[in-house]
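The values are calculated or read from the model by the stated rules, or taken from the named source; none is laboratory data. Keep in mind it's a predicted model, so treat the numbers as computed, not measured. Here the Cβ positions follow ideal geometry from the backbone for every residue, glycine too, while neighbour counts run over all protein chains shown.
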Amino acid sequence: MKQKGYADILLGLQFGDEGKARVIDRLAPQYDVIARFNGGSNVGHTIKTNKGIFVIKQIPSGVFHKKTKLYIGSGCVVDLEKLATEIDQLASVNLSVKKRLKISGQASIIQPHHVLLDEMWGKGVGTTKNGIGPSYADRAMRMYGVHLANVRLGDLRDDPKQFESCVLYNLEMTKKRYKLTSEDTEKIMQRLKKAFEKVAPFIEDDPLYLEKKVEKGARVLFEGAQSAMLDIVKGSVPYVTSSHTIAAAAYVGGDLSIKYHRKTMGVLKAFMSRVGYGPFPSEFGGEESEEYCMETAEGKPVHSKEAESTYDVDELLTSADHFYIGIALRRLADEYGPGTKRPRRIGRLDLVQLRYATRMNGVDELIITKCNILASFSKTRFGGIPIVDGYKLDGKTIDYVPVSSEAFYRVKPIISYEKPFTEDISHMKQYNQLPSALKKHIKLIEKASCCKVIAIDVGPNPDQHITLP
Ligand code: IMP
């Protein structure tokens, strides 16, 4: 028998958008399967091709590597229409997923009424309005009396007529109950059926599919979505997503037994960002920034990427008001949602939060993205690289992330400044070329997190990264 395979996990350690997809793209050739274990179309990875720009939401990030198999595990929720579109778009740029993609039949579908409910109830959290929360809620609900709440891909494939009628019933009941209007129900159902026909060949009926592959030697990389601080239980509840995002969830939602675990890698951004409402102690501009980055009632960003593109970044960086430094970093690092163009809230690197994430997830190795942006701090009035290395809660110093989001909101960050560097590091290829201030900064992160930093990213292009000795 061939030697047994193994599984590694890669996840985001902050509030999402750490740049996991590009790291996975780089690591993909070392693995046979890239597998998603949580979330759905609330993710957004931009793929630039000469046929246009696509945002991939549900297909795992290894898609560029034609030999890599792709797996969407039972822990995910699937939007059939969006997935069908992704499959077509990828095929149009010669990236067919035929014979490469498998989707667990145990994964639930996002039903049309889930999207209506998310649009109605998701405002307080600032969800992505993809129906993710309501779909996971229906999974837990299982049935409403005698009516099925949770519809899984495997159910739909087994008996399309029966399960389509459940979807229709759930949609009509929801509209009636909440007096909601939507597009013509018949049209919605026709689109859903068409999308299902496209997705059906990819459904895997055997719950041991991945287990059998790894038994025969396959190397799996689990791709986390949404990151540690957005975990439904361990994150900043209630301002979180509705699935488990942490490492321990990879084997449940990714359909593999834990005996194959080898190591966990964590990705963090050299500064931080957050989308949606929720506590973020290291945020530049605090509450003002949180409100500024929100949407109007119509779901449009109040302050768009276009509007901010006219600002003078160097002038903003020298401002005495930290709120403007946040805007400058957002511009420099292009921190806007790929679909919505929502401005992301920007903050300093928070070591208290990082320690929580690395310990909770048992992280072995770190990858730090967007390190080139750190040079901008040399232009600010405070002159150094800011980090949060402690919290004060109601006047007391604490060294942990408080459970209550109310308390997490009240936390005052203890900020210190590391020696800055001015060099443009974006063209550098080797560790020994890096400014000594950055090397020191990396060591500080290693010490605070008890993890080894294995690589850093120094620019937006795929080749702008440095492997550390
Ligand atoms: P939901 O996952 O759409 O229910 O959104 C719940 C919260 O998670 C909101 O604050 C979202 O902005 C956030 N969120 C969901 N997906 C992502 C992501 O991929 N990156 C960053 N934030 C996310």
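A few remarks follow.
- Residue in region 15-32 that is under 19 Å from SER108 (Cα atoms) and either away from the ligand (no atom under 16 Å from the Cβ) or in a strand (DSSP E or B) (or both) present: no
- Within the span defined as region 119-131, every residue fails to be crowded, with 24+ Cβ neighbours inside 10 Å, within 11 Å of the ligand (Cβ to nearest atom) and not in a loop (DSSP other than H, G, I, E, B).
- Single residue of VAL115, VAL93 found to be more than 10 Å from the ligand (Cβ to nearest atom), at pLDDT below 95 and among the β-branched types (Val, Ile, Thr): VAL93
- The lone exception for MET294 - which of (1) modelled with pLDDT under 95; (2) away from the ligand (no atom under 16 Å from the Cβ) it fails: (2)
- Any hit, region 416-439, residues being charged (D, E, K, R), surrounded by fewer than 23 Cβ atoms within 10 Å (Cβ to Cβ) and touching an Asp or Glu at 6+ places or on another chain (Cβ under 8 Å): no
- The C-beta contact set for region 14-26 (first residue more than 15 Å from GLY235 (Cα to Cα) and β-branched (Val, Ile, Thr), second residue in a helix (DSSP H, G or I) and more than 9 Å from the ligand (Cβ to nearest atom), distance under 9 angstrom, 6+ apart or interchain) comprises VAL23/SER61; ILE24/SER61; ILE24/GLY62.
- Note on region 169-286: enclosed strands (runs of 3 or more DSSP E) holding 2 or more residues that are more than 16 Å from the chain's Cα centre (by Cα) are 219-223, 261-269.
- Pairs, first at positive phi in region 94-110, second modelled with pLDDT of 95 or more, C-beta under 9 Å, six or more apart: LYS99/LYS69
Okay, residues lined up against (1) of a type in the set (Lys, Arg); (2) away from the ligand (no atom under 16 Å from the Cβ):
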site: THR68; (1), (2): no, yes
site: ILE72; (1), (2): no, no
site: LYS99; (1), (2): yes, yes
site: SER104; (1), (2): no, yes
site: SER108; (1), (2): no, no
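- Among the residues of region 272-288, just one is more than 11 Å from the ligand (Cβ to nearest atom), among the small types (Gly, Ala, Ser) and surrounded by 23 or more Cβ atoms within 10 Å (Cβ to Cβ), namely SER282.
- Residue ID - nearest to LEU192 (Cα to Cα), chosen from residues in region 132-167 that are assigned to a helix (DSSP H, G or I) and among the aromatic types (Phe, Trp, Tyr): PHE163
- ILE56 vs. criteria within 16 Å of the ligand (Cβ to nearest atom), hydrophobic (A, V, I, L, M, F, W, C), at pLDDT below 95 and closer than 25 Å to ALA357 by Cα: no
Let's see how each residue does on (1) free of Cβ contacts under 8 Å to residues at least 24 places away in the same chain; (2) in a loop (DSSP other than H, G, I, E, B); (3) within 16 Å of the ligand (Cβ to nearest atom); (4) out of contact with any helix residue (DSSP H, G or I) (no Cβ under 7 Å at 6 or more places or on another chain):
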site	(1), (2), (3), (4)
ALA307	yes, no, no, yes
ASP314	no, no, no, no
GLY326	no, no, no, no
LEU329	no, no, no, no
LEU332	no, no, no, no
PRO338	no, yes, yes, yes
LYS341	no, yes, yes, no
ILE346	no, no, yes, no
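- Residue selected from region 378-401 under the condition under 26 Å from the mean Cα position of the chain (by Cα) and hydrophobic (A, V, I, L, M, F, W, C), by the criterion nearest to VAL233 (Cα to Cα): VAL401
- Condition met for TYR209 (of a type in the set (Phe, Trp, Tyr), within 30 Å of VAL63 (Cα to Cα) and either surrounded by fewer than 23 Cβ atoms within 10 Å (Cβ to Cβ) or out of contact with any Pro (no Cβ under 9 Å at 6 or more places or on another chain) (or both)): yes
- Listed by first and then second residue, the pairs linking a residue in region 138-150 that is under 17 Å from LEU168 (Cβ atoms) to a residue that is assigned to a loop (DSSP other than H, G, I, E, B), with Cβ atoms under 7 Å apart and 6 or more places separating them unless they lie on different chains, are ASP138/ALA149; ASP138/ASN150; MET143/ALA149; ALA149/ARG142; ASN150/ARG142.
- Of all residues in region 17-50 being more than 12 Å from the chain's Cα centre (by Cα) and among the acidic types (Asp, Glu), the one that is modelled with the highest pLDDT: ASP32
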